[in-house]
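Here the structure is laid out as structure tokens; the discussion comes afterwards.
The values are calculated or read from the model by the stated rules, or taken from the named source; none is laboratory data. Because the structure is a prediction, the values reported are computed rather than measured. Note that each Cβ is placed from the backbone with ideal geometry, even for glycine, and that neighbours are counted across all protein chains shown. To get the accessible areas, we keep the full protein, side chains included, count just its heavy atoms, and leave off ligands, DNA and RNA. Shrake-Rupley method; radii C 1.70, N 1.55, O 1.52, S 1.80 Å.
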Amino acid sequence: MWTQCSLGQSDKVSCSPQTICALRESAVDLECSYSNTIKPQQSFWFSSKLKAKWRKEEDPEDLALDSDYARRVIYKTSSSSSITSTSTLTIRDLRERDSGEYQLMIITESGEKYSSSTAITLTVSDLQIKMISDTDRKWTLNCSTSCSLSSKPLYYYWYNNGQNSHSTNYRLWSLISLYQTDTPSSYSCSAGWTPDIRSSSVCVSGENCWSVIYSERRVCVLEDSSVDFPCIYSYPSGQRVTESYWFYFQPGVNPNDLSKKEQFAGRVEFPGDKERNCTLRIRNVTKRDSGEYRYRFLNNEGRGFSGSPGVILSVTDLQVKMSPSSPSEGQTVTLTCSSTCTLPNNPTYFWYKNGQPVTNKPTRYNKLYLESTSPEDVFQCSCTLGGINFL
């Protein structure tokens, strides 16, 4: 039985606010409250944009089981008062494709299902710098987002060639953050409460500036595979690069060439041309390789520049998780191929039982449904990914 709140149950579940704008790579909380007259046996959040991945489109599935939200989703339930409780969905490390509608589902012991009548609409935006005036060799820059952030930052920080140069008080500048300069350079910005989440650099002057641009800031990869960090860099005309290298960033530790470290011996390659393309490749990655990587180059005057913040690498293995956790004989079981971080590009999953394929067709979804199975059957299942480079 499906009990929609819009069909006479709208006073049972409510969500607020119904629209949220959050910054890419940050975390966001979504909240719904429900009457304590509802006695949940199970509750979870779902998004209708994922219905193509559900076993039945009319039967929502737990957001936390979806591979695109792996280890980024946290649920919390608390008592708001003597008559209501609150369910909070936290999504971490937001990416723009997380934008969409989210709803709470509650299932009671009797099988009744309650869902909020109105979804919470989440919009995820990155920071962008726009030049709003260019007069007499003076530039005015605007650090903005595509939507009005629900959590208003007190400050916006500005970076000149990667170094903090200025901050403006949010209350002083109302809904925008402006920065004026007469110095040709490379500029980026960040919100005060998330200084490591920066906009792309913008070169003011129309000439090349000191800059390093990474295609991805966070990368998740399977253990023993290979990974590329696409990267391009630039520097002012008339200068010459005399040395360049990638390094493993550790606060307070001087940067050292990655290729000269014993940990990475024979596993590091540079498929780029090192002229403007600084792409790094690491083969046979291990969990020990997880961390932040930055590219650094020095010019003929001995000046060094590092792309900061760098690329954060997370290395994962695969684990099979079972729902329900303790199935009874003959009960339908959902198996989830789980990782500790979100793998890119909707990978293809292959399922095996005792080393033999469970189905003759691969699926790009990470769930497998087993009908009328025993607990022993479940423990004999494993999963792998297709299209992974293990060179």
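Please find, among Tyr214, Tyr248, Tyr235, the residue that is in contact with a helix residue (DSSP H, G or I) (Cβ under 9 Å, 6 or more places away or on another chain) and open to solvent by 20 Å² or more (accessible area, probe 1.4 Å).
Only one candidate passes the filter, namely Tyr248.
Please tell me if Leu122 is more than 26 Å from Leu368 (Cα to Cα), among the hydrophobic types (A, V, I, L, M, F, W, C) and either touching a helix residue (DSSP H, G or I) at 6+ places or on another chain (Cβ under 8 Å) or in a strand (DSSP E or B) (or both).
Values: more than 26 Å from Leu368 (Cα to Cα): yes; among the hydrophobic types (A, V, I, L, M, F, W, C): yes; either touching a helix residue (DSSP H, G or I) at 6+ places or on another chain (Cβ under 8 Å) or in a strand (DSSP E or B) (or both): yes.
Answer is yes for this residue.
So, in region 217-242, of the ones that are in a loop (DSSP other than H, G, I, E, B) and among the basic types (Lys, Arg), which residue ends up farthest from the chain's Cα centre (by Cα)? Walk me through it before giving the result.
Residues of region 217-242 that are in a loop (DSSP other than H, G, I, E, B), as a first pass: 217, 223-226, 230, 235-240.
Okay, now just the ones that are also among the basic types (Lys, Arg), so 217, 240.
Values: Arg217: 9, Arg240: 36 Å.
Taking the candidates together, the pick is Arg240.
When you check Cys337 against the structure, is it farther than 27 Å from Ser186 by Cβ and either polar (S, T, N, Q) or assigned to a strand (DSSP E or B) (or both), yes or no?
yes
Given the conditions (1) open to solvent by 30 Å² or more (accessible area, probe 1.4 Å); (2) touching a Ser or Thr at 6+ places or on another chain (Cβ under 8 Å); (3) more than 21 Å from Asp196 (Cβ to Cβ), and given that Thr286 satisfies all but one, which numbered condition is not satisfied?
All conditions are met except number (2).
From Ala22, Ala70, which residue is modelled with pLDDT of 85 or more and out of contact with any Phe, Trp or Tyr (no Cβ under 6 Å at 6 or more places or on another chain)? I'd like the intermediate steps shown before the answer.
Details: Ala70 fails: modelled with pLDDT of 85 or more.
One residue alone meets the criteria, Ala22.
Across region 74-92, which residue is nearest to Tyr34 (Cα to Cα) among those that are surrounded by 18 or more Cβ atoms within 10 Å (Cβ to Cβ) and not polar (S, T, N, Q)?
So in region 74-92, the residues surrounded by 18 or more Cβ atoms within 10 Å (Cβ to Cβ) come out as 85, 87, 89, 91.
Imposing the further condition that a residue be not polar (S, T, N, Q) reduces the set to 89, 91.
On the way: Leu89: 14, Ile91: 20 Å.
Across region 74-92, the extreme among qualifying residues is Leu89.
Tell me, which residue of region 349-367 that is over 24 Å from the mean Cα position of the chain (by Cα) and at pLDDT below 85 is nearest to Leu63 (Cα to Cα)?
Among those that are over 24 Å from the mean Cα position of the chain (by Cα) and at pLDDT below 85, it is Pro362.
Would you check which residues across region 256-272 are more than 11 Å from Cys231 (Cα to Cα) and either touching a Cys at 6+ places or on another chain (Cβ under 9 Å) or among the charged types (D, E, K, R) (or both) and list them?
Hits for region 256-272 are Asp257, Lys260, Lys261, Glu262, Arg267, Glu269.
With the checklist (1) more than 20 Å from the chain's Cα centre (by Cα); (2) modelled with pLDDT of 90 or more in hand, flag the one item Gly291 doesn't pass.
(1)
For Arg198, state whether it is open to solvent by 20 Å² or more (accessible area, probe 1.4 Å), modelled with pLDDT of 90 or more, more than 23 Å from Lys260 (Cβ to Cβ) and not small (Gly, Ala, Ser).
Values: open to solvent by 20 Å² or more (accessible area, probe 1.4 Å): yes; modelled with pLDDT of 90 or more: no; more than 23 Å from Lys260 (Cβ to Cβ): yes; not small (Gly, Ala, Ser): yes.
Against the criterion (open to solvent by 20 Å² or more (accessible area, probe 1.4 Å), modelled with pLDDT of 90 or more, more than 23 Å from Lys260 (Cβ to Cβ) and not small (Gly, Ala, Ser)), Arg198 does not qualify.
Among residues belonging to region 259-283 that are of a type in the set (Lys, Arg), farther than 23 Å from Asp317 by Cβ and free of Cβ contacts under 8 Å to residues at least 40 places away in the same chain, point out the one that is least open to solvent (accessible area, probe 1.4 Å).
Out of the qualifying residues, it is Lys261.
Suppose we keep only residues that are of a type in the set (Lys, Arg) and in a loop (DSSP other than H, G, I, E, B) within region 243-297. Which one would you say is farthest from Glu223 (Cα to Cα)? Don't jump to the end; show me each part of the working.
Our first condition is that a residue be of a type in the set (Lys, Arg); within region 243-297, this holds for 260-261, 267, 274, 276, 281, 283, 287-288, 294, 296.
Pick out the ones that are also in a loop (DSSP other than H, G, I, E, B) and you get 261, 267, 274, 276, 283.
On the way: Lys261: 20, Arg267: 13, Lys274: 27, Arg276: 29, Arg283: 10 Å.
Of everything passing the filter in region 243-297, Arg276 is farthest from Glu223 (Cα to Cα).
Can you tell which of Ile132, Ile106, Ile83 is closer than 30 Å to Val202 by Cα and either in contact with a strand residue (DSSP E or B) (Cβ under 6 Å, 6 or more places away or on another chain) or in contact (Cβ under 8 Å) with a residue 40 or more places away in the chain (or both)?
One residue alone meets the criteria, Ile132.
Check off (1) within 28 Å of Gln380 (Cβ to Cβ); (2) in contact with a strand residue (DSSP E or B) (Cβ under 8 Å, 6 or more places away or on another chain) for Thr279 and give me the number that stays unchecked.
Thr279 satisfies every listed condition except (1).
Are any residues in region 115-139 farther than 28 Å from Pro344 by Cβ and open to solvent by less than 20 Å² (accessible area, probe 1.4 Å), and if so, which ones?
Across region 115-139, the qualifying residues are Ser115, Ser116, Trp139.
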